[in-house]
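Just below is one structure, and these are the notes that go with it.
The values are calculated or read from the model by the stated rules, or taken from the named source; none is laboratory data. The structure presented is a predicted model; accordingly, all values stated were derived computationally and were not measured. When we count neighbours, we look across all protein chains shown, and the Cβ atoms used for this are built from the backbone with ideal geometry, even at glycine.
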Amino acid sequence: MPWGQKPLEITYLGHSCFRIRGREASIVTDPFSPKYGINMGRPTASIVTVSHGDEHHSFAGGVNGEPFVVDGPGEYEIADVLISGVRTGKPIMAGSNGANGAPHKRNTAYVMEVDGLRICHLGDLSETLSDEQIEHLGTVDVAMVPVGGGHVIGPTKAAEVVSQLEPNLVIPMHYRIAGTKSEELEPVERFMREMGSKSVEAVPKVSLGAKGGLPTDMQVVVMEHKR
């Protein structure tokens, strides 16, 4: 990494929400309402990605900085960040409801190219990926994967999705967190067991200097969420 160049930093704000700070832009993924039970604070970002319209994934009003909101499939270029949104999930019949009686919503997974790294946020992925979706997502360096079950994939299917994408770094999300409205979700430890890890030691942030600084063998990192 050249002298004076800041590393890309990833912070976990809880649920499916991360803050990604690159050299030219900052991104907040799936910002959530305080009604979820914890507070993500008031993060500042130039870009917000929204996987679907539920208030626990689309609370863009809680993000400072007048960010550009990306909320669906397509190709975007914002502040030197390339974003590809890929639709996942099958159409749901009218009247079919998900967890807590909420209407089903189709999901958008995003691949964000930031400082030369390709970061994939899978949103509320509800099934393993199709060949076409994998092709559209392309190469993935870092994958943020829902693992808690309920209306998203659970630990076993999450491990299958990791095998499909073959990222260098895996960060689990959307699992049970004490004090939140996530009692129906599995704890992160069950996903870690699926991935062959018997212990969980959460880290406060992830710093990545460049593509060459990624782990050679795939690594799973559980992150502390900011309270």
> Which condition number in (1) modelled with pLDDT under 95; (2) under 17 Å from the mean Cα position of the chain (by Cα); (3) among the small types (Gly, Ala, Ser) is the one that residue 197 fails?
Replying inline: (2)
> For residue 171, which of the numbered conditions (1) farther than 30 Å from residue 6 by Cβ; (2) touching a residue at least 40 places away in the same chain (Cβ under 8 Å); (3) surrounded by 13 or more Cβ atoms within 10 Å (Cβ to Cβ); (4) not basic (Lys, Arg) fails to hold?
Replying inline: (1)
> Just a yes or no: is a residue in region 201-216 assigned to a helix (DSSP H, G or I), in contact (Cβ under 8 Å) with a residue 24 or more places away in the chain and more than 24 Å from residue 107 (Cβ to Cβ)?
Replying inline: yes
> How many of the residues making up region 41-64 are loosely packed, with under 15 Cβ neighbours inside 10 Å, part of a loop (DSSP other than H, G, I, E, B) and free of Cβ contacts under 8 Å to residues at least 24 places away in the same chain?
Replying inline: 1
> What number of residues within region 126-146 are crowded, with 22+ Cβ neighbours inside 10 Å and touching an Asp or Glu at 6+ places or on another chain (Cβ under 7 Å)?
Replying inline: 1
> Going by the conditions given, is residue 187 modelled with pLDDT under 95 and touching a Phe, Trp or Tyr at 6+ places or on another chain (Cβ under 8 Å)?
Replying inline: yes
> Within region 188-195, is there a residue that is out of contact with any Cys (no Cβ under 9 Å at 6 or more places or on another chain), on the phi < 0 side of the Ramachandran plot, part of a loop (DSSP other than H, G, I, E, B) and aromatic (Phe, Trp, Tyr)?
Replying inline: no
> From the list 38, 20, which one is of a type in the set (A, V, I, L, M), in a loop (DSSP other than H, G, I, E, B) and buried (at least 17 other Cβ atoms within 10 Å of the Cβ)?
Replying inline: 38
